[in-house]
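Engineer: The following block contains the structure, expressed as structure tokens.
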Amino acid sequence: MELSSDAGKWLDAHYDPVAGLYTFSPCMDLADLNGDGENRLLVGDLGSGSLGMKLKVYRGTALSSESALLDLPTGLVSFFMDLHEPRVPAVAVASGPCVYIYKNLRPYFKFTLPGLDVNSLEQDVWQQAREGQIDPLSLKEMLESIRNKADVPLSVRSLSFLSLEPSEMDEFVQLHKQQPVKRQTVITCIQTLKKSTSDDDGVSCLVIGTESCHVYVLDPEAFIILSKMVLPSAPTMMNVTGQYDVEFRVTVACRNGSIYVLRRESEKPKYCIELSSHPVGLVRVGKNLVVGGNDESLHGFTQKGKKLWKISLPAPITTMATMDLPTRGFQAVLVGLANCEVHLYRDKNLLSTIRTPDAVTSICFGRYGREDGTLIMATKGGGLLVKILKRTAAFEDKDSTPGPPLTQSVRLNTHKKTKLYVDQMMRERESGTVMHRAFQMDLSRLRLATAKAYLKALESSLTPMSSSLSEPLKMNAVVQGLGPSFNCSFHHTGLSLVTKEEHWLL
Amino acid sequence: MGLFDKLAGWLGLKKEVNVLCLGLDNSGKTTIINRLKPSNAQAQDIVPTIGFSIEKFKTSSLSFTVFDMSGQGRYRNLWEHYYKEGQAIIFVIDSADKLRMVVAKEELDTLLNHPDIKHRRIPILFFANKMDVRDALSSVKVSQLLCLENIKDKPWHICATDALKGEGLQEGVDWLQDQMTQSNQNNQNMRS
Ligand SMILES: Nc1nc2c(ncn2[C@@H]2O[C@H](COP(=O)(O)OP(=O)(O)O)[C@@H](O)[C@H]2O)c(=O)[nH]1
Ligand SMILES: [Mg+2]
């Protein structure tokens, strides 16, 4: 049974169906927050509705601390921002246009994305409204014409104004007209990038993707923008490898359905992977990328975008994560599915299927507590599920994808080549030309003999030809074989009713 | 005088008794063994093998082998190699680590099913350690979670301990002492 096959690999460490944890994979991370060798689970909880957004910290099976978040979190990462002792990591939570940095779980710093350029026409129109030169209705008309024509999009303020009923417009203008028009973008994804060493506790930069189609790299200590890159579309998921000072690679899945690869010292993407469906998951395994599509498919690519494989899944993907077990040199991909299963794939091979009591929305694999191989999952219903990989678990690669049947590669039990056959083959190879000539010679002789016989028959009035048109006769001679004996068949077709066949052995 | 000095003297054994002290990393084995060590015992050698470490020490008649049952399987056969020589087992559990209770159980089951342990009536003493930690599990709860009631063919005993203060260790050692003398007498009866 399949269930027992996955139970043979994972230990059920903990399940709390009512943990009240509503999150997705980008908002979960594991870190040794106290520097005591025991990793904690950090969660940016989305809450339910617009309430209860929290930064939660779990220790073992229990919630050890929580603090309120001001806005919906879009990503959470832990990272070392300096070399100060004791070496404990900071936590960065991205929400709205800001990154909130926590140290020792206390608010430490807030980084806000730079504002975007405002459309100057829009600014003028609001200026006129402020001075009372135009009424709300003409403001609406003017803003609408700007929206339709301008390269620089309208600010959030103008857009919300345009969505109002005429009765609400005046109040809105009175409320907002004194403030300057601002255009602010929001963060869509956040990751870390090691600054100059690849050590596990090396200082890391933050890498953030924004709705305005930018990727920023931030200095870990001063939080100034070190690098700014542009994408053709808004990024939704990101994977970062390398070191900022040496060489790095930011792989970004964008809302236009493509994946772009940004490199150090290139402001624009270096490679592009166009997908047949929208990417819903992006993870890196070694040097390859594994991308989940919204058409229930999983794709493998090289980091330069060459397609390696594609498989179909039994249900839509809910989330994806890497399973990295450096102590065993093991890397694979965990794929959460809507049918309450989590599949483990190494390349295109399914290694393990984990059944879960509820669909999983968030997966995180790594060291938790003191256990290296811990799989943490949050479920759709707000549950928390923890499994630990057995120390004795071994995964075998079985090619599970449909392909040519196994029997195709089984050798047929054909007769051995006889000595005669081999000799013949050798002879043909060595004296092919001679044989061909001999054959042509014999053929010419045969033709000559036939022509002579024909002539003789004509001369002695033996009428070898069919004399009447109503009884047509056709003769066809075919020589088969390569010698020394030939098979010569003559087909006499008479009246197209009776066919007589004669075989001559020459 | 260490706790085991009495045991050793009382047994009056010529042969040395080999005790295996096992458990997950961080369960408190080193702390416990240091408590049990007789004053004259010296840490014999700490073998820093790659991936796992074994502590050994010896008194006049007892020898202890201590190791962490951690790591992802790779060095397993290295420590299993010591099972054969063990005549008693002390299995230490961190009663405050609820998350890894399943891992401790898995390791215990693997130990009990090992060919060098399975068919021997060798006494097992469980220390449900760190009972001082605020929401640590009770020794009853620990024995439930580890399914100790299923151990039918070996004498076993569990006690809650606080290795930092040394509480609860004596009870366990007394039990182990009883078991060893019993089996020693049985052996002598069989011989005579
Ligand atoms: N609170 C508490 N801490 C303990 C107890 N026993 C050991 N420790 C602590 O647990 C940690 C691990 O102990 P150690 O003996 O090194 O564990 P080992 O890895 O099994 O050898 C150390 O920090 C000990 O001080 C106990 O009974 N109570
Ligand atoms: Mg130790």
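The values are calculated or read from the model by the stated rules, or taken from the named source; none is laboratory data. Just so it is clear, the structure is predicted and the values come from calculations on it, not from any experiment. As a convention, Cβ positions derive from the backbone with ideal geometry for all residues, glycine included, and neighbour counts pool all protein chains shown. For accessibility, only protein heavy atoms count, side chains too; no ligands or nucleic acids. Shrake-Rupley method; radii C 1.70, N 1.55, O 1.52, S 1.80 Å.
Engineer: If you fit an axis through the alpha-carbon atoms of helix A:120-130 and take the longest principal axis of the Cα set of chain A, what angle between them do you get, 0 to 90°, nearest 10?
Structural biologist: Computed tilt is about 30 degrees.
Engineer: Past the 30 Å Cα-Cα mark, which pairs from A:K103/A:K270; B:K37/B:K154; A:K387/B:K141?
Structural biologist: Checking Cα-Cα distances, A:K103/A:K270 exceed 30 Å.
Engineer: Give me a comma-separated list of calculated 3J(HN,Hα) values for region A:188-204, in order, Karplus coefficients 6.51, -1.76, 1.60 applied at θ = phi - 60°, integers in Hz, x for any Gly or Pro.
Structural biologist: 9, 7, 9, 9, 10, 9, 4, 6, 9, 10, 9, 4, 4, 9, x, 5, 10
Engineer: Here's a follow-up. Using modelled backbone amide H atoms (1.01 Å from N, in-plane), which distant-in-sequence or interchain residues come within less than 5 Å of A:M320's amide H?
Structural biologist: The answer is A:G336.
Engineer: Can I ask one more? In whole Hz, what ³J(HN,Hα) sequence does region B:132-146 give by Karplus (6.51, -1.76, 1.60; θ = phi - 60°), x for Gly and Pro?
Structural biologist: Going residue by residue, I get 6, 5, 3, 10, 6, 6, 6, 5, 5, 5, 4, 5, 5, 5, 8 Hz, with x marking Gly and Pro.
Engineer: Something else: Taking the mean number of other Cβ atoms within 10 Å as a proxy for protection, how do you rank A:161-171, A:145-155 from highest to lowest?
Structural biologist: Ranking, from highest mean packing down: A:145-155, A:161-171.
Engineer: Could you derive backbone 3J(HN,Hα) for region A:76-81 from the dihedral phi with the Karplus parameters 6.51, -1.76 and 1.60 (θ = phi - 60°), listing whole Hz in sequence and x where the residue is Gly or Pro?
Structural biologist: Those phi angles translate into 9, 9, 9, 7, 8, 9 Hz.
Engineer: Same structure, new question: Evaluate the relative contact order of region A:120-177 (contact order divided by residue number), counting alpha-carbon pairs under 8 angstrom at least 6 apart; express in whole percent.
Structural biologist: Here the relative contact order equals 39 percent.
Engineer: Roughly how crowded by other chains is peptide A:57-63, in terms of the mean Cβ count from those chains within 10 Å of each of its Cβ atoms?
Structural biologist: Per residue, the number of nearby Cβ atoms from other chains is 2 on average.
Engineer: What accessible area, summed over both chains, is buried at the B-A interface (1.4 Å probe, Å², nearest 100)?
Structural biologist: 1500 Å²
Engineer: Starting from the amide H of A:S362, placed 1.01 Å from N in the peptide plane, find each other amide H under 5 Å away whose residue is 5 or more places distant or on another chain.
Structural biologist: A:A378
Engineer: Still on this structure, I have one more. In debye, nearest 20, what is the charge dipole magnitude of chain A about its Cα centre with +1 on Lys and Arg Cβ and -1 on Asp and Glu Cβ, if you could check?
Structural biologist: Dipole size: approximately 2420 debye.
Engineer: Oh, and also: Where does helix A:419-430 land angle-wise versus the long Cα axis of chain A, in degrees 0 to 90, nearest 10?
Structural biologist: Around 90 degrees separate the two axes.
Engineer: Let me know the shape class of chain A, please: from the alpha-carbon gyration tensor, a ≥ b ≥ c as square roots of the eigenvalues, rounded when a/c is under 1.5, otherwise prolate if a/b is greater than b/c, or oblate.
Structural biologist: The shape class here is prolate.
Engineer: Over the Cα atoms of region A:209-255, what radius of gyration and what Dmax do you get, in Å?
Structural biologist: Here Rg and the maximum Cα pair distance are 11.0, 31 Å.
Engineer: Rank-order B:80-88, A:38-46 by packing density, defined as the average count of other C-beta atoms within 10 Å over each peptide's residues, highest first.
Structural biologist: In decreasing order of mean packing, B:80-88, A:38-46 become A:38-46, B:80-88.
Engineer: Please compute, for peptide A:368-378, the average count of beta-carbon atoms on other protein chains lying within 10 Å of each residue's beta-carbon.
Structural biologist: Mean partner-chain Cβ count within 10 Å for A:368-378: 3.
Engineer: When only the heavy atoms of the protein chains count and the probe is 1.4 Å, how do A:R346, A:R429, B:R35 rank by accessible area, highest first?
Structural biologist: Putting A:R346, A:R429, B:R35 in descending order of accessible area: A:R429, B:R35, A:R346.
Engineer: Please determine, in degrees from 0 to 90 and to the nearest 10, the orientation of helix A:166-176 with respect to the longest principal axis defined by the Cα atoms of chain A, where the helix direction is its Cα long axis.
Structural biologist: That helix lies at roughly 60 degrees to the long axis.
Engineer: Pull up all non-local amide H partners of A:L351: gap of 5 or more, or a different chain, and H-to-H distance under 5 Å with H placed in the peptide plane.
Structural biologist: Amide H neighbours of A:L351, under 5 Å, 5+ apart: A:L344, A:Y345, A:R346.
Engineer: Please compute, for peptide B:90-102, the average count of beta-carbon atoms on other protein chains lying within 10 Å of each residue's beta-carbon.
Structural biologist: 4
Engineer: Turning to a different aspect of this structure: Using packing as a proxy for protection, rank B:20-29, A:448-457 so that the peptide with the highest average count of other Cβ atoms within 10 Å comes first.
Structural biologist: B:20-29, A:448-457
Engineer: Restricting to Cα pairs below 8 Å that are 6+ residues apart, what does the relative contact order work out to for chain A? Please round to a whole percent.
Structural biologist: 12 percent
Engineer: On to the next question. When only Cα pairs under 8 Å and 6 or more residues apart are kept, what is the percent relative contact order across region A:140-242?
Structural biologist: Computed over region A:140-242, the figure is 19 percent.
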